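What follows is a set of notes on a single structure, which appears directly below.
The values are calculated or read from the model by the stated rules, or taken from the named source; none is laboratory data. This one's a predicted model, so the numbers in the text were calculated from it and none came from an experiment. FYI the Cβ positions are ideal-geometry reconstructions off the backbone, even for glycines, and counts take in every protein chain you see.
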Amino acid sequence: MDYLDIIEFYKKEKNTSRLIPIDRNFYTEAENLIKNTGNDTEKANINNTLNFLKEKRVQKILIYLAYDKQIGNEVTPEESDLYLKIKSLLKKNKITASTKIKINIDVPEIITTSGTKLGPYNKNEIIELNSNEDMIFIIENKIGEKLS
């Protein structure tokens with residue numbers, strides 16, 4: 001692997017919306033190339049191109065997650081770990097539409113970050129919301145809590 005290989009791979013990655021298959025050792029080999037390059041300017045160029053490539057691939061991984069699309073063998077172990085960690089966080093924080101919320105305080109009509117008008121609610125009132133975003137807003141702002 002040399003700098004031109006990294007540039008070519010970055011160009012391919014930049015010009016498509018899907019993840020380009022990458023060798024499992026690509027980043028390790030690129031890091032070794034940086035370590036073994038004597039010219040500081042060339043090291044900086046390789047490092048910058050590699051960082052742009054990583055950013056582009058992370059963006060695509062996030063898009064895959066947003067659309068609940070699976071990644072295949074086209075990623076490195078580091079990228080696969082990132083995908084799985086973020087997916088796990090999203091699952092852990094996901095609230096289903098059938099979740100009931102107990103209101104903790106008297107609340108006048110409010111407007112959530114999604115622009116939805118909610119309320120007014122009375123303390124200890126049990127509600128159900130159709131929007132995950134609105135439920136998260138209620139819980140994160142300590143207006144209500146999720147019931148089991």
**Item:** Checking LYS35 against (1) basic (Lys, Arg); (2) loosely packed, with under 13 Cβ neighbours inside 10 Å; (3) touching a residue at least 40 places away in the same chain (Cβ under 8 Å), the condition it does not meet
**Value:** (3)
**Asked** Within the range 128-138, is there a residue that is outside any helix (DSSP H, G or I), at pLDDT 90 or above and farther than 30 Å from PRO21 by Cβ?
**Response** no
**Request:** Would you mind telling me which numbered condition in (1) assigned by TED's automatic domain parsing to the domain that holds GLU8; (2) modelled with pLDDT of 95 or more; (3) more than 19 Å from TYR10 (Cα to Cα) VAL58 fails?
**Result:** (3)
**Message:** Between ILE46, ILE22, ILE71, which is crowded, with 17+ Cβ neighbours inside 10 Å, more than 19 Å from LEU84 (Cβ to Cβ) and either among the hydrophobic types (A, V, I, L, M, F, W, C) or touching a Ser or Thr at 6+ places or on another chain (Cβ under 9 Å) (or both)?
**Reply:** ILE46
**Request:** Determine which member of the set LYS87, LYS12 is more than 20 Å from the chain's Cα centre (by Cα), in a helix (DSSP H, G or I) and outside the structural domain of GLU128 (by TED's automatic domain parsing).
**Result:** LYS12
**Item:** Residue that is farthest from the chain's Cα centre (by Cα) [pool: residues in the range 49-62 that are surrounded by fewer than 17 Cβ atoms within 10 Å (Cβ to Cβ) and among the aliphatic types (A, V, I, L, M)]
**Value:** VAL58
**Of all residues making up the range 43-88, the number that are within 20 Å of ARG24 (Cβ to Cβ) and among the aromatic types (Phe, Trp, Tyr)** = 2
**Fill in**
Taking the range 109-148 and the residues there that are within 19 Å of LEU90 (Cβ to Cβ) and free of Cβ contacts under 8 Å to residues at least 24 places away in the same chain, the one that is nearest to the chain's Cα centre (by Cα) would be GLU133
**Request:** Read through the list (1) touching a residue at least 24 places away in the same chain (Cβ under 8 Å); (2) more than 17 Å from GLU8 (Cβ to Cβ); (3) in a helix (DSSP H, G or I), then give the number of the only condition that ASN45 fails.
**Result:** (2)
**Message:** Just the residues that are in contact with a Leu (Cβ under 9 Å, 6 or more places away or on another chain) and in a helix (DSSP H, G or I), please, taken from the range 67-81.
**Reply:** GLU79
